[in-house]
Amino acid sequence: MYNQRTYIILPVSEVSKIEFMYVLEDSADTLRKSCDGTKTFIKWEGELAPPFISDINGGEGLYTHEEMINILNTDEWTEFDSQI
């Protein structure tokens with residue numbers, strides 16, 4: 001199911017360019033952000049990128065589901081509380 005998804009990381013400053021009808025996220029309010037709040041990501045079904053992607057500046061990727069899981073498990077995206 002997730003193997004058909006494609007992901008791109010983009011600067012939060014580019015969120016206004018997202019056309020949500022083409023991606024699996026609902027709105028800017030539901031986007032996950034990096035720990036420092038400067039990056040987010042979007043995903044869609046299939047390899048063909050939505051038309052607005054070419055308007056995104058500073059995008060990183062295109063990533064598969066497995067690649068994106070590995071990225072999200074880094075310190076940049078996940079805060080670990082060392083006191084637990």
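Just one of (1) in contact (Cβ under 8 Å) with a residue 40 or more places away in the chain; (2) over 17 Å from TRP77 (Cα atoms); (3) touching a Lys or Arg at 6+ places or on another chain (Cβ under 8 Å) fails for HIS65. It is (2).
So which residues in the range 16-51 are touching a residue at least 40 places away in the same chain (Cβ under 8 Å), within 14 Å of GLN4 (Cα to Cα), surrounded by 12 or more Cβ atoms within 10 Å (Cβ to Cβ) and not hydrophobic (A, V, I, L, M, F, W, C)? Result: GLU45, single match. Scanning the range 8-48 for residues that are at pLDDT 95 or above, assigned to a loop (DSSP other than H, G, I, E, B) and more than 21 Å from LEU72 (Cα to Cα) returns a single hit, GLU19. Considering the conditions (1) at pLDDT 95 or above; (2) of a type in the set (Phe, Trp, Tyr); (3) part of a loop (DSSP other than H, G, I, E, B), PHE80 is excluded by exactly one of them, (1). Of the set (1) touching a Gly at 6+ places or on another chain (Cβ under 7 Å); (2) surrounded by 13 or more Cβ atoms within 10 Å (Cβ to Cβ); (3) at pLDDT below 95, all apply to GLN4 but (2).
The values are calculated or read from the model by the stated rules, or taken from the named source; none is laboratory data. Here the structure is a predicted model, which means the values were calculated and not measured. All Cβ positions, even for glycine, are placed from backbone atoms using ideal geometry, and neighbour counts span all protein chains on display.
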